[in-house]
Each structure stands twice: as C-alpha cells, then as structure tokens.
Amino acid sequence: MRAAAWASGQCGLAAALAWSFSVHGLGHPRPFFASVAAVVALGLRAGQRLRRSAELALGVALGVLVGDALVSVIGSGSWQIGVVITVALLVAVAFGGGGLVVTQAGLQAVFVVALPRTPNSGFERWQDALVGGGFALLVAALLSTDPWREARRLRISYVAELAAVLHDCAAGIRGGSTGEVAAALARGRLLEPVLARWQDALLTGRETTRLSPLRGDRDEFWKASQQMVLGLTRGSRNLRVLLRRVLVAMQEGQRLPDCLPALLDQLAEAVLLEEEPACAALVHLAQKLDPVALGATSLAGQVAVGQLRVATVDLLEGLGLEHDRARNALPVLAA
C-alpha cells in the first residue's frame, strides 16, 4: 500500500480534475468517461507510464468516438455491441494502435453501447474521454516523483547481483567446486531481465524529464546512464565468458592462476562503488592484469586473464573513460 500510495493519489487527482473540468468547464452533467479515461490511462504501473498513458488515452477516445457515432445510427442492443466492437477494433488498428490502444478501444465501445446516453448529449462522452486522457498525461508529467529513482534502484540491484556472481565464482575456485562455479554462471545469466528493467526505467525517466517543465536534469544523468548500461552489458557478457572458461578449465583439470579468486573479489568490490571510486579501483585492478606476472602459464589461465582484461576495459568505458585511456591502464602484453 505504501508503494502504491503516490500512484493511487495521482489517479484520484486526475479523475477528480477531469470530472470537474467536464462538469464546470464543458457543462456536461455526468462525465463518466472523463474519470474512467483518467484512471485507465494512469493506472498504477510505473514503467513507461507517460507512453502507456498516451496509448490508453488514445484507445479510450477512439472507442468512445466510434461507439457514440454508431449508437446514434444503429441504436443499442446485443447485435449492436458486436458491430460497434468490431468497428472500434478495426479503427484502432487502422490508426496504428498497439495492443493497449486496440484493447481499450473495444472495451470502451462496450461501455458506450451499454450505458444510456443523456438526451441531446451529442459527442460529449468522446470529449470527456479526451479530457480524462489529457488530465492523466498532465498529472503523470507534472506530479511525478524523482524520475530517475527506479533507474537508480535497479542499477544498485544489478551491480550488487553482478558482484555476488563474481564472489561466488571466486569462492568456487578457492574450494575447487565446479558446482559453485556452475551455479555462479547460472546466476549471472539471470542478470539480463534486471538489465532490461533498468533500461525501461531509464526510458521512463527520460520521458518524464522531457515532458515536465519542472525538471532540469534532462540530459546529464540520461547520457551517463546509457553509457553505463552499455559498459555493464558488454562487461557482464565478457565476465560470463570468463566464468564458462573457468568452469571448463576446472572440469578438465587445467591450472588457473592462484591469484584469480582475489582478482575476481577485487572486481566485485569495485563495481559496488560510486562512479569515481569505482573508476580508480578498476584502473588499479587493470594495472595488475599482466598474464606473465600473474603466473598464467596455461592456456586456460591466459584466456581467463584475457577475458578479465577485456571486461575491465568495458566497465571503465561504462564509467565514462575513453577507450584509449581504458586500454592504456592495462599492462602491455609481452610479444
């Protein structure tokens, strides 16, 4: 209930404002569809809220418009509901609407046929639907919380899980347990949905800052976060390759550098830090990644250190370091 309180209040406010505007501003006696459109368009789902609100508002308005137009000609009844829904869905598709638009167009068309019209109401219900959708968008844009809060939360969740994967792999290597390393690899593969939700939250925040005149943080956080997502995507992918190579090496009895668990633990601690400390920690780690100095004599050891080098560069680039500077932090490989 606490989590949904703010969104619930937004729905209530938008519904009340839409009703009041239709009654006092447009003179409509019972603007049912104004409040319905506001609540349906806003909902309680945070992700992509502005885009979703616009799509739902369009669907509601189309359904009410088609329903009102046809009911005035063919009346209401059982077969009329079938005709109105069919036409409303086709019109929504013709307008290029997605699933939300088409579904709401059909649903609202049912309400239009089923609910009696007031005398001489004309297309008041369609106007009410537009008013409700408009107030939903207004409330979503102007009364949002911190637009980047969810993105920040998901970033923390993502890097915490990535660090846990690295720690688990390090523990498995120390204990000689292929099962622990395999479990860490499986856990790492589950990071993709978290990354997708993080990207979705960033898009939602971007929409909010672009539509709300009260927001000044329009570009800086967005650009930095997009760069970080790209760096973490590439880095995580290379780290999963590293974990697979470690697992195969352990299964086949190939020797890995004794210091590899400590390096993975250092990397895990680095990704948990804020941007500047994380960058410094990653540069410090990168300077150690010389296969010869680390005793990576076997092919498996050299591949593991090589993947760690690539992943570290990816993570440094995600933190804003230029590619050349990130590469230069690594020791030069012996010919």
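Read-outs: derived from the displayed coordinates by stated rules, not from any lab. Note that the structure is a prediction, hence the values are computed from the model and not measured. Glycine also receives a Cβ, built like all others from the backbone with ideal geometry; neighbour counts cover every protein chain displayed.
For the chain, the mean residue ellipticity at 222 nm estimated from helices alone is -25000 deg cm²/dmol, where every DSSP H run of n ≥ 4 contributes -39500 (n - 2.57) and the total is divided by all residues, rounded to the nearest 500. Take the Cβ atoms of residue 93 and residue 160, set R0 to 41 Å, and the FRET efficiency comes out at 0.40. Working from Cα pairs under 8 Å separated by at least six residues, relative contact order for the chain is 16 percent. Scanning the chain for GluC sites (Glu not before Pro) that sit in a DSSP loop and have at most 13 other Cβ atoms within 10 Å, the longest stretch containing none of them is 1-251.
Checking (i) 76, 48, 40; (ii) 88, 42, 37; (iii) 65, 40, 32 against Cα extents along the principal axes in Å calculated from these atoms, the matching label is (ii).
For residue 256, the amide hydrogen comes within under 5 Å of no other amide hydrogen, counting only partners 5 or more places away or on other chains and with H modelled in the peptide plane. Remark: the residue 252-residue 203 segment gains 13.2 nm on full extension, using 0.36 nm per residue and subtracting the alpha carbon distance. Taking every alpha-carbon pair under 8 Å whose residues sit at least 6 apart, region 149-328 reaches a relative contact order of 28 percent. With θ taken as phi - 60° and the Karplus curve 6.51 cos²θ - 1.76 cosθ + 1.60 applied, the whole-hertz 3J(HN,Hα) list for region 322-334 is 5, 4, 5, 5, 5, 5, 5, 6, 7, x, 6, 6, 5 Hz, x standing for glycine and proline.
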